[in-house]
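Scroll down for the structure; my scribbles are underneath it.
The values are calculated or read from the model by the stated rules, or taken from the named source; none is laboratory data. Here the structure is a predicted model, which means the values were calculated and not measured. Using ideal geometry, Cβ is built from the backbone for each residue, glycine included, and neighbour counts are taken over all protein chains shown. In case anyone asks, the SASA skips ligands and DNA or RNA and just uses the protein heavy atoms, side chains included. Shrake-Rupley method; radii C 1.70, N 1.55, O 1.52, S 1.80 Å.
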Amino acid sequence: MRGFAVFFVKELRELLRTKRLLILCCLFLLFGIMNPAVAKLTPKLIGLMSEELAAQGMTVSAVTVTSMDSWVQFEKNIPFALIILLIMFSGIYTFEYSRGTLIPLLTKGLSRAAAVLSKCAVVMLMWTGGLALCFGLTYFYGDFYWDNSAVHSLFFAGFCWWLFGLLMIGCVVFFSSFAASSAQVLLGTGAVYFVMLLAGMYGRAKAYLPTRLCDSLSLFRGDLHPSDYTAAAVVTAALTAALILAALPLTKQRQI
Amino acid sequence: MKNILEVREIRKRFGSKQVLDGVSFSVPEHCVFGFIGRNGAGKTTTMRAVLGLLRTDGGEIEVCGEPVRYGAVPESGLIGYLPDVPEFYGCMTAPEYLRLCGEIAGIERSALKTRCSELLGLVGLEKERHRIRGFSRGMKQRLGIAQALISRPRLLICDEPTSALDPVGRREILEILRTAAEQTSVLFSTHILSDVERICGRAAFLEGGKIVLTGSMDELRAMRSDTDLALTLSDPADTEKVTAAFPQASLSDGRLIFPKASEKDCAALMAFLAEKMIPVTRLERHEADLEDLFMEVIGK
Amino acid sequence: MPKEIREYLPLLIPLIIVQFVLLGCALWHILHHSSYKRGSRVLWLVVVLIGMEFIGPILYFLLGKEEE
């Protein structure tokens, strides 16, 4: 436990010193502002284009923007933020293993489990903070310009994305326990996502797959209710826990 | 005398290569132990096995009487380890890194501060304010020794601490190790034999996956007490007279070499030369050093 | 027109600030380091300046910044 805390602080300090924390903050800030910005600017852009379109014989009716448009942008953009976060942290384990920076600490009594878990906790903390920032900004502007109450199950949709992100981070932790490089970790994580997409083609499996959590649109519109996501959420949480737990003995086996 | 480290018959195979084939040796208390072998002889493999970082195929390792198992960290603070190419977190400074190590090792906060400055002084990094990223090989090596010593280990294991350094850096590291040895046993691997002769009390030669020779430095030197004699005559014409009396002598480079000549042989030769009034330019007794011994041991 | 712009200011001001912080960080980092994971100093300066609307700096920090 002492090892966990000490290593956690060390990881945070590294994030701060290598400017990763700053970059992540900027990134999520950016995504948070872009969502309402794009929604807000859409009618302006269409207005500019409409003259051109009119010349071609097309008529464009006036577009009214609501907070829904902003939240649709949120659903579109948050996967990119997650991907960037995953790329950024894909080497957090393999880099230490291949350079051998962990060896001096291991010989001083740091347990491998503590190292694995504290790194995992740091990445999850970053995702939690980043998502909260992004969500919070979109929410704030949604109320500032329009009205968020027109959109259903906002917070639950945010929670779904958070859970899905944790699963992806769990994949990184799992693949890092035996992969040799960050590229392999990313490949494995990508493969997991791909498999889930394929499995999603079977209509019956859909309700149980973690990818269901990414479908915020149905929630926003009210087509689906949070209760329709319960199965997928439980599966995701269980899978995440299983991946992280499996990583512990695998890392213990690993030749460092 | 109690042994700090006891290695018995450890084996390790990598693929088809039997790297360690029954390595046994022991390191007594308060001793600088030189672990000698060619590159790729298995020195690093042995050390990693001692640290529990490597799974062996057989054999036993005991540190201070405690068996070492793979994956299980040796009881904290028992062993300090300096890897062959030590790598640290580049964004930290040396004191910060030492603090991290101390906290991991579970040293009390108040004691840690004095311990850190003590060690930084020992390795000569107390004035270094830069981050580790910019450190030279020698500085990293010194920081490596400091981190290895932080928990006052009973055994300090250094993997080729001097191999990549220039002569000045090497001398500094050896001096630091000598100072450190006042409080702990040191096991250090090398292929530089003069380093061993300079600071070690005992040594072992690793070759072909086995310890081919081990003992205290005096014992090792004694093994080659039959040293060679090299005789250079003023007049080459006298050569035959000498070889007739001493058939074991062989001629090379205009010198007569008497292999494995004891002190008695030497006296006999001098008596012969004096009796026959053979003029001599040079009579040398070639003291065998570790290198000769090493060459002999590996059969070259 | 000014009134319309004022409507967008709450979005634009933070956006511009973040953009310049990222740009400044990327430029500072490129100029203070001589080795990169891939690419060269000139390449990254060009990338960051051309894609200064976020893309450039983010690409640099993801792909070009050396790990420490």
Which condition number in (1) within 11 Å of chain A (Cβ to nearest Cβ); (2) at pLDDT below 85; (3) assigned to a helix (DSSP H, G or I) is the one that residue C:37 fails?
(3)
So, in the range A:12-56, of the ones that are at pLDDT below 90, buried (at least 17 other Cβ atoms within 10 Å of the Cβ) and among the polar types (S, T, N, Q), which residue ends up nearest to residue A:118 (Cα to Cα)?
A:18
Are there any pairs with C-beta distances below 8 angstrom linking a residue in the range B:52-78 that is away from chain A (no Cβ under 14 Å) and surrounded by fewer than 16 Cβ atoms within 10 Å (Cβ to Cβ) to a residue that is at pLDDT 85 or above and assigned to a loop (DSSP other than H, G, I, E, B), with the two at least 6 apart or on different chains, and if so which?
none
Expected output for the range A:74-92 (first residue away from every other protein chain (no Cβ under 14 Å), partner surrounded by 19 or more Cβ atoms within 10 Å (Cβ to Cβ) and of a type in the set (Val, Ile, Thr), Cβ below 6 Å, 6+ apart or cross-chain) is A:74/A:138
Residue B:153 vs (1) assigned to a loop (DSSP other than H, G, I, E, B); (2) open to solvent by less than 10 Å² (accessible area, probe 1.4 Å); (3) in contact with a helix residue (DSSP H, G or I) (Cβ under 6 Å, 6 or more places away or on another chain); (4) within 26 Å of residue B:178 (Cα to Cα): all pass except (3)
Could you tell me whether the range C:27-35 includes any residue that is exposed (fewer than 13 other Cβ atoms within 10 Å of the Cβ) and of a type in the set (Gly, Ala, Ser)?
yes
Which one of B:126, B:160 is without any contact (Cβ under 8 Å) to a residue 12 or more places away in the chain and either more than 25 Å from residue B:40 (Cα to Cα) or open to solvent by 10 Å² or more (accessible area, probe 1.4 Å) (or both)?
B:126
Among the residues of the range B:248-300, how many are touching a Cys at 6+ places or on another chain (Cβ under 9 Å) and surrounded by 15 or more Cβ atoms within 10 Å (Cβ to Cβ)?
2
Can you report the number of residues in the range A:152-180 which are assigned to a loop (DSSP other than H, G, I, E, B), open to solvent by 10 Å² or more (accessible area, probe 1.4 Å) and hydrophobic (A, V, I, L, M, F, W, C)?
2
What number of residues within the range B:170-193 are part of a helix (DSSP H, G or I) and farther than 22 Å from residue B:124 by Cβ?
1
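Do any helices (runs of 4 or more DSSP H) entirely within the range A:21-124 hold 1 or more residues that are in contact with a Gly (Cβ under 7 Å, 6 or more places away or on another chain), and if so, which?
On the way: elements: A:67-89, A:94-99, A:103-106.
Those helices (runs of 4 or more DSSP H) span A:67-89.
For residue A:161, are the conditions met, namely being within 23 Å of residue A:37 (Cβ to Cβ) and within 14 Å of another protein chain (Cβ to nearest Cβ)?
In short, no.
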